[in-house]
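I have placed the structure first, in the form of structure tokens, so that the comments after it can refer back to it.
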Amino acid sequence: VAAIERAIELDVPANPERRSRLLALQAQELWYDADHEHRHQLARQALSLARDTGDPATLAEVLRNVYFALWAPDTLRLRAQLADELALAAAATQDPALRFWAANAQLNVSVCLGAFDRARAALTQQELVAEELGQPTLRWISTFSRAGFEWMSGDLQRAEPELEQAMRLGMEAGE
């Protein structure tokens, strides 16, 4: 966090794209900090700056980090809105990695809302993008998500091999 704070200090004159990304990253890094209000303030500031830039890539990257920074039971509706906004921004960028994170956010928020058909569709999208990119960490997250979804759905016979695959992929990815 100190390095991010220092980068923000050195951002003079402030570049809105860079500043919004740094603030969002700082908010995400403070995810487990007890000072929720400070983290939420950073997230709101990052979002405001990112939206003002008009740059879909900046907005998508900020939304990705802010979504996780705001993860708490009392922010579910807000995170659902952010996940939808992230999906639109990611689509505008045509960046497959941002599409992965948008699908991941939609998967998680849909499960929390009990919208399991929407969660299943988001999971399928996440898996497709992970395979397209072939990045080990994204494949691990995708497989882990599938295992959790199958387990939550009560299909333990499908969940177990997915969990074993996720464990193998995670170890190979260094996770």
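The values are calculated or read from the model by the stated rules, or taken from the named source; none is laboratory data. No experiment lies behind these values; they were computed from the predicted model shown. Methodologically, a virtual Cβ is constructed for each residue, glycine included, from the backbone with ideal geometry; neighbour enumeration extends over all protein chains shown. Accessible surface areas use protein heavy atoms only, side chains included; no ligands, DNA or RNA. Shrake-Rupley method; radii C 1.70, N 1.55, O 1.52, S 1.80 Å.
Quick notes
- Filter pass, E164 being assigned to a helix (DSSP H, G or I), among the charged types (D, E, K, R) and over 18 Å from the mean Cα position of the chain (by Cα): yes
- Among the residues listed as A80, A105, A72, A115, the single one being modelled with pLDDT of 95 or more and either under 26 Å from G134 (Cβ atoms) or touching a His at 6+ places or on another chain (Cβ under 9 Å) (or both): A105
- Tally, over the stretch 8-41, of residues that are open to solvent by less than 40 Å² (accessible area, probe 1.4 Å), over 11 Å from V62 (Cβ atoms) and part of a helix (DSSP H, G or I): 4
- Taking the stretch 146-160 as the range and being in contact (Cβ under 8 Å) with a residue 24 or more places away in the chain and open to solvent by less than 20 Å² (accessible area, probe 1.4 Å) as the test, only F149 passes.
- The condition of being under 22 Å from A60 (Cα atoms) and open to solvent by 40 Å² or more (accessible area, probe 1.4 Å) holds for only one of L163, L133, that being L133.
- Criterion (assigned to a helix (DSSP H, G or I) and either exposed (fewer than 13 other Cβ atoms within 10 Å of the Cβ) or among the aliphatic types (A, V, I, L, M) (or both)) met by exactly one of R64, R77, R44: R77
- Within the stretch 83-127, restricting attention to residues that are touching a residue at least 24 places away in the same chain (Cβ under 8 Å) and among the charged types (D, E, K, R), the residue that is most open to solvent (accessible area, probe 1.4 Å) is R120.
- Within the stretch 133-157, tally of residues that are part of a helix (DSSP H, G or I) and farther than 24 Å from A105 by Cβ: 2
- Pairs are defined by a Cβ separation below 8 Å, a sequence spacing of at least 6 or placement on different chains, a first member in the stretch 1-13 that is under 11 Å from Q26 (Cβ atoms) and touching a residue at least 24 places away in the same chain (Cβ under 8 Å), and a second member that is hydrophobic (A, V, I, L, M, F, W, C) and open to solvent by less than 70 Å² (accessible area, probe 1.4 Å); the pairs so defined are V1/L30; I4/L22; I4/L25.
- Breaking point among (1) out of contact with any Asp or Glu (no Cβ under 7 Å at 6 or more places or on another chain); (2) in a helix (DSSP H, G or I), for W71: (2)
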